[in-house]
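The values are calculated or read from the model by the stated rules, or taken from the named source; none is laboratory data. Only a predicted model underlies this, so the values are computations on that prediction, with no experimental measurement involved. Quick reminder, even Gly has a Cβ in these numbers, built from the backbone with ideal geometry, and neighbours come from all protein chains shown. Keep in mind that these areas ignore ligands, DNA and RNA; they rest on the heavy atoms of the full protein, side chains included. Shrake-Rupley method; radii C 1.70, N 1.55, O 1.52, S 1.80 Å.
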Amino acid sequence: MGEGELAQVVPRTVAWLERAVIGLNLCPFAKGVHVKGQIHYVVSNADSREDLLDALRTELRALVALDPSVRDTTLLIAPLAFPEFWDFNTFLPECDKLLKREKLQGVVQIASFHPRFEFAGAEPEDITNYTNRAPYPILHLLREDSIDRAVQAFAQPDEIFEKNMQTLQALGQTGWDALGLYDPHRPAPQQPADSSPGAPPGTQPDSSGGL
(Lines give C-alpha, C1' and ligand atoms only; values in the text may rest on other atoms or scores of the structure.)
Protein backbone atom coordinates (compact mmCIF):
# COMPACT_ATOMS: atom_id res chain seq x y z
CA MET A 1 0.00 0.00 0.00
CA GLY A 2 1.52 3.31 -1.11
CA GLU A 3 1.72 6.43 1.01
CA GLY A 4 -1.17 8.06 -0.83
CA GLU A 5 -3.42 5.06 -0.26
CA LEU A 6 -2.30 4.78 3.36
CA ALA A 7 -3.19 8.42 3.94
CA GLN A 8 -6.79 7.65 2.94
CA VAL A 9 -7.33 4.94 5.55
CA VAL A 10 -8.39 7.18 8.44
CA PRO A 11 -10.56 9.56 6.36
CA ARG A 12 -12.34 6.57 4.82
CA THR A 13 -12.87 5.06 8.25
CA VAL A 14 -14.20 8.34 9.63
CA ALA A 15 -16.58 8.61 6.67
CA TRP A 16 -17.92 5.13 7.49
CA LEU A 17 -18.32 6.11 11.14
CA GLU A 18 -20.12 9.35 10.36
CA ARG A 19 -22.37 8.21 7.51
CA ALA A 20 -23.13 4.60 8.49
CA VAL A 21 -22.48 3.96 12.19
CA ILE A 22 -23.72 7.37 13.36
CA GLY A 23 -25.75 8.44 10.34
CA LEU A 24 -27.86 5.27 10.35
CA ASN A 25 -27.77 5.11 14.16
CA LEU A 26 -26.30 1.60 14.10
CA CYS A 27 -24.58 2.39 17.39
CA PRO A 28 -26.37 4.97 19.54
CA PHE A 29 -23.26 5.30 21.73
CA ALA A 30 -20.83 6.32 18.98
CA LYS A 31 -21.81 9.95 18.44
CA GLY A 32 -20.82 11.15 21.91
CA VAL A 33 -17.21 9.95 21.81
CA HIS A 34 -16.88 11.05 18.19
CA VAL A 35 -18.02 14.61 18.86
CA LYS A 36 -15.79 14.84 21.95
CA GLY A 37 -12.75 13.66 20.00
CA GLN A 38 -12.26 10.65 22.28
CA ILE A 39 -11.78 8.08 19.50
CA HIS A 40 -8.16 7.20 18.77
CA TYR A 41 -7.41 6.00 15.23
CA VAL A 42 -4.34 3.86 14.61
CA VAL A 43 -3.36 2.52 11.19
CA SER A 44 -1.17 -0.55 11.45
CA ASN A 45 0.90 -1.86 8.54
CA ALA A 46 0.87 -5.33 10.12
CA ASP A 47 0.26 -8.09 7.60
CA SER A 48 0.66 -11.12 9.87
CA ARG A 49 -1.01 -12.47 12.99
CA GLU A 50 2.09 -11.87 15.08
CA ASP A 51 2.54 -8.26 14.01
CA LEU A 52 -1.12 -7.41 14.49
CA LEU A 53 -1.09 -8.97 17.96
CA ASP A 54 1.94 -6.83 18.79
CA ALA A 55 0.10 -3.73 17.61
CA LEU A 56 -2.95 -4.76 19.62
CA ARG A 57 -0.86 -5.21 22.77
CA THR A 58 0.62 -1.74 22.31
CA GLU A 59 -2.80 -0.13 21.87
CA LEU A 60 -4.38 -1.99 24.79
CA ARG A 61 -1.67 -0.71 27.12
CA ALA A 62 -1.88 2.80 25.69
CA LEU A 63 -5.67 2.90 26.11
CA VAL A 64 -5.75 1.91 29.77
CA ALA A 65 -2.84 4.24 30.56
CA LEU A 66 -4.94 7.27 29.61
CA ASP A 67 -7.99 8.82 31.23
CA PRO A 68 -11.22 8.06 29.33
CA SER A 69 -11.81 11.78 28.87
CA VAL A 70 -8.66 11.84 26.73
CA ARG A 71 -9.08 8.49 24.97
CA ASP A 72 -12.25 6.55 25.51
CA THR A 73 -11.89 4.04 22.70
CA THR A 74 -9.44 2.96 19.98
CA LEU A 75 -9.95 1.82 16.41
CA LEU A 76 -6.97 -0.28 15.37
CA ILE A 77 -7.21 -0.39 11.57
CA ALA A 78 -5.26 -3.08 9.70
CA PRO A 79 -5.64 -2.52 5.93
CA LEU A 80 -2.95 -5.07 5.01
CA ALA A 81 -4.08 -7.90 7.28
CA PHE A 82 -6.59 -10.68 6.69
CA PRO A 83 -8.21 -9.87 3.34
CA GLU A 84 -10.42 -12.93 3.84
CA PHE A 85 -13.07 -12.64 6.55
CA TRP A 86 -12.92 -16.24 7.73
CA ASP A 87 -9.17 -15.95 8.34
CA PHE A 88 -9.83 -12.79 10.34
CA ASN A 89 -12.59 -14.56 12.25
CA THR A 90 -10.27 -17.38 13.33
CA PHE A 91 -7.76 -14.76 14.51
CA LEU A 92 -10.17 -13.12 16.95
CA PRO A 93 -9.83 -15.77 19.71
CA GLU A 94 -6.11 -14.96 19.79
CA CYS A 95 -7.05 -11.36 20.57
CA ASP A 96 -9.16 -12.52 23.50
CA LYS A 97 -6.26 -14.64 24.76
CA LEU A 98 -4.02 -11.59 24.61
CA LEU A 99 -6.60 -9.63 26.58
CA LYS A 100 -6.44 -12.33 29.26
CA ARG A 101 -2.62 -12.34 29.32
CA GLU A 102 -2.66 -8.56 29.76
CA LYS A 103 -5.11 -9.00 32.67
CA LEU A 104 -7.60 -6.73 30.94
CA GLN A 105 -10.63 -9.00 30.85
CA GLY A 106 -13.50 -7.05 32.36
CA VAL A 107 -11.62 -3.82 31.67
CA VAL A 108 -11.48 -3.73 27.87
CA GLN A 109 -13.63 -5.47 25.29
CA ILE A 110 -12.55 -6.08 21.69
CA ALA A 111 -15.14 -5.76 18.94
CA SER A 112 -14.33 -6.30 15.27
CA PHE A 113 -15.33 -5.22 11.78
CA HIS A 114 -14.32 -6.49 8.35
CA PRO A 115 -15.13 -5.53 4.75
CA ARG A 116 -16.40 -9.05 4.03
CA PHE A 117 -18.13 -9.82 7.33
CA GLU A 118 -20.83 -12.48 7.09
CA PHE A 119 -23.29 -13.62 9.70
CA ALA A 120 -23.32 -17.39 10.11
CA GLY A 121 -25.80 -18.84 7.65
CA ALA A 122 -26.17 -15.58 5.70
CA GLU A 123 -25.40 -15.16 2.02
CA PRO A 124 -22.40 -12.89 1.24
CA GLU A 125 -24.68 -10.36 -0.48
CA ASP A 126 -27.13 -10.17 2.45
CA ILE A 127 -27.49 -6.46 3.24
CA THR A 128 -27.63 -7.12 7.00
CA ASN A 129 -23.96 -8.12 6.89
CA TYR A 130 -23.18 -4.42 6.57
CA THR A 131 -23.99 -3.86 10.24
CA ASN A 132 -20.53 -5.34 10.91
CA ARG A 133 -18.72 -4.32 7.73
CA ALA A 134 -16.16 -1.52 7.55
CA PRO A 135 -13.74 -0.30 4.86
CA TYR A 136 -10.88 -2.26 6.46
CA PRO A 137 -10.33 -4.97 9.09
CA ILE A 138 -10.72 -3.17 12.43
CA LEU A 139 -10.20 -4.15 16.05
CA HIS A 140 -12.30 -1.85 18.22
CA LEU A 141 -11.04 -1.49 21.78
CA LEU A 142 -13.81 -0.44 24.16
CA ARG A 143 -13.67 0.24 27.89
CA GLU A 144 -16.12 -1.99 29.77
CA ASP A 145 -17.07 0.89 32.12
CA SER A 146 -17.98 3.07 29.15
CA ILE A 147 -20.10 0.30 27.67
CA ASP A 148 -21.94 -0.14 30.96
CA ARG A 149 -22.67 3.59 31.25
CA ALA A 150 -23.87 3.77 27.65
CA VAL A 151 -26.17 0.77 28.07
CA GLN A 152 -27.68 2.23 31.24
CA ALA A 153 -28.41 5.49 29.42
CA PHE A 154 -30.22 3.68 26.59
CA ALA A 155 -33.80 2.69 27.29
CA GLN A 156 -33.85 -0.62 25.37
CA PRO A 157 -30.31 -1.74 24.48
CA ASP A 158 -31.45 -5.27 23.66
CA GLU A 159 -33.39 -3.91 20.69
CA ILE A 160 -30.38 -2.31 18.99
CA PHE A 161 -29.44 -5.42 17.00
CA GLU A 162 -32.96 -5.99 15.69
CA LYS A 163 -33.37 -2.31 14.79
CA ASN A 164 -30.08 -2.44 12.89
CA MET A 165 -31.32 -5.41 10.87
CA GLN A 166 -34.52 -3.52 10.02
CA THR A 167 -32.59 -0.37 9.12
CA LEU A 168 -30.31 -2.19 6.67
CA GLN A 169 -33.17 -4.16 5.13
CA ALA A 170 -35.12 -0.94 4.55
CA LEU A 171 -32.02 0.78 3.13
CA GLY A 172 -31.08 -1.99 0.71
CA GLN A 173 -27.89 -2.28 -1.33
CA THR A 174 -28.72 0.77 -3.44
CA GLY A 175 -29.23 2.89 -0.34
CA TRP A 176 -25.98 1.64 1.19
CA ASP A 177 -24.07 2.37 -2.02
CA ALA A 178 -25.50 5.89 -1.99
CA LEU A 179 -23.59 6.57 1.25
CA GLY A 180 -20.46 6.75 -0.91
CA LEU A 181 -18.29 4.63 1.38
CA TYR A 182 -15.04 2.99 0.40
CA ASP A 183 -15.24 -0.76 -0.17
CA PRO A 184 -12.11 -2.58 -1.41
CA HIS A 185 -14.31 -5.16 -3.11
CA ARG A 186 -16.61 -2.77 -5.02
CA PRO A 187 -16.11 0.05 -7.56
CA ALA A 188 -14.94 3.36 -6.09
CA PRO A 189 -17.97 5.31 -4.85
CA GLN A 190 -18.83 8.85 -5.82
CA GLN A 191 -18.03 11.22 -2.95
CA PRO A 192 -21.18 13.03 -1.73
CA ALA A 193 -20.86 16.69 -2.65
CA ASP A 194 -21.59 17.98 0.84
CA SER A 195 -19.20 15.72 2.72
CA SER A 196 -15.44 15.86 3.08
CA PRO A 197 -14.53 13.44 5.88
CA GLY A 198 -11.47 13.97 7.96
CA ALA A 199 -10.19 13.05 11.38
CA PRO A 200 -12.64 14.10 14.10
CA PRO A 201 -11.69 16.98 16.39
CA GLY A 202 -9.19 16.16 19.08
CA THR A 203 -7.80 13.02 17.42
CA GLN A 204 -4.36 12.41 16.01
CA PRO A 205 -4.32 9.53 13.51
CA ASP A 206 -1.17 7.47 13.97
CA SER A 207 0.56 4.96 11.74
CA SER A 208 2.15 1.97 13.39
CA GLY A 209 3.19 -1.51 12.44
CA GLY A 210 3.77 -4.52 14.60
CA LEU A 211 6.15 -3.38 17.33
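Being open to solvent by 20 Å² or more (accessible area, probe 1.4 Å), in contact with a Phe, Trp or Tyr (Cβ under 8 Å, 6 or more places away or on another chain) and of a type outside the set (A, V, I, L, M, F, W, C): is that true of S112 here? Steps first, answer last, please.
Details: open to solvent by 20 Å² or more (accessible area, probe 1.4 Å): yes; in contact with a Phe, Trp or Tyr (Cβ under 8 Å, 6 or more places away or on another chain): yes; of a type outside the set (A, V, I, L, M, F, W, C): yes.
In short, yes.
Name the residues in the range 140-158 that are closer than 30 Å to S44 by Cβ and surrounded by fewer than 16 Cβ atoms within 10 Å (Cβ to Cβ), would you?
Answer for the range 140-158, where residues must be closer than 30 Å to S44 by Cβ and surrounded by fewer than 16 Cβ atoms within 10 Å (Cβ to Cβ): E144, D145, D148, R149, V151.
Among the numbered criteria (1) in a loop (DSSP other than H, G, I, E, B); (2) surrounded by 15 or more Cβ atoms within 10 Å (Cβ to Cβ), which single criterion is violated by N25?
So the condition that N25 fails would be (2).
For the range 106-141, name all the residues that are more than 16 Å from D183 (Cα to Cα) and part of a loop (DSSP other than H, G, I, E, B). Break it down into steps so the answer makes sense when it comes.
Residues of the range 106-141 more than 16 Å from D183 (Cα to Cα): 106-112, 119-123, 139-141.
Within the range 106-141, G106, V107, F119, A120, G121, A122, E123 qualify.
Can T58 be described as in contact (Cβ under 8 Å) with a residue 12 or more places away in the chain and of a type in the set (S, T, Y)?
Working: in contact (Cβ under 8 Å) with a residue 12 or more places away in the chain: yes; of a type in the set (S, T, Y): yes.
In short, yes.
Can L6 be described as open to solvent by less than 70 Å² (accessible area, probe 1.4 Å), more than 30 Å from Q156 (Cβ to Cβ), modelled with pLDDT under 95 and part of a helix (DSSP H, G or I)?
Working: open to solvent by less than 70 Å² (accessible area, probe 1.4 Å): yes; more than 30 Å from Q156 (Cβ to Cβ): yes; modelled with pLDDT under 95: yes; part of a helix (DSSP H, G or I): yes.
Yes, satisfied.
Under 6 Å between Cβ atoms, which residue pairs at least 6 apart in sequence (or on different chains) link something in the range 141-166 that is closer than 30 Å to E102 by Cα with a partner that is open to solvent by less than 40 Å² (accessible area, probe 1.4 Å) and hydroxyl-bearing (S, T, Y)?
Close Cβ pairs (under 6 Å, with a partner that is open to solvent by less than 40 Å² (accessible area, probe 1.4 Å) and hydroxyl-bearing (S, T, Y)) amount to L141/T74; L142/T73.
Kindly establish whether L75 is open to solvent by less than 60 Å² (accessible area, probe 1.4 Å) and part of a strand (DSSP E or B).
On the way: open to solvent by less than 60 Å² (accessible area, probe 1.4 Å): yes; part of a strand (DSSP E or B): yes.
Against the criterion (open to solvent by less than 60 Å² (accessible area, probe 1.4 Å) and part of a strand (DSSP E or B)), L75 qualifies.
Restricting the range 80-104 to residues that are in a loop (DSSP other than H, G, I, E, B) and touching an Asp or Glu at 6+ places or on another chain (Cβ under 8 Å), which is farthest from R143 (Cα to Cα)?
Restricting attention to the range 80-104, the residues satisfying the condition of being in a loop (DSSP other than H, G, I, E, B) are 80-84, 102-104.
Right, trim to touching an Asp or Glu at 6+ places or on another chain (Cβ under 8 Å) and you get 80-81.
On the way: L80: 26, A81: 24 Å.
Among those residues, the one meeting the criterion is L80.
Consider Q166 carefully, then state whether it is at pLDDT 95 or above and exposed (fewer than 14 other Cβ atoms within 10 Å of the Cβ). Step through it out loud before you land on a result.
Numbers: at pLDDT 95 or above: yes; exposed (fewer than 14 other Cβ atoms within 10 Å of the Cβ): yes.
Against the criterion (at pLDDT 95 or above and exposed (fewer than 14 other Cβ atoms within 10 Å of the Cβ)), Q166 qualifies.
Across the range 119-139, which residue is nearest to L63 (Cα to Cα) among those that are open to solvent by less than 70 Å² (accessible area, probe 1.4 Å) and over 15 Å from the mean Cα position of the chain (by Cα)?
So in the range 119-139, the residues open to solvent by less than 70 Å² (accessible area, probe 1.4 Å) come out as 119, 122, 124, 126-139.
Retained after the next criterion (residues that are over 15 Å from the mean Cα position of the chain (by Cα)): 119, 122, 124, 126-128.
Details: F119: 29, A122: 34, P124: 34, D126: 35, I127: 33, T128: 31 Å.
If we take residues in the range 119-139 being open to solvent by less than 70 Å² (accessible area, probe 1.4 Å) and over 15 Å from the mean Cα position of the chain (by Cα), then F119 is nearest to L63 (Cα to Cα).
Residues checked against (1) under 26 Å from Q152 (Cβ atoms); (2) over 14 Å from the mean Cα position of the chain (by Cα); (3) open to solvent by 60 Å² or more (accessible area, probe 1.4 Å):
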| position | (1), (2), (3) |
| --- | --- |
| R12 | no, no, no |
| P68 | yes, yes, no |
| D96 | yes, yes, yes |
| R101 | no, yes, yes |
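Please specify each residue of the range 34-54 satisfying the condition of being surrounded by fewer than 23 Cβ atoms within 10 Å (Cβ to Cβ) and either in a helix (DSSP H, G or I) or free of Cβ contacts under 8 Å to residues at least 12 places away in the same chain (or both).
H34, V35, R49, E50, D51, L53, D54
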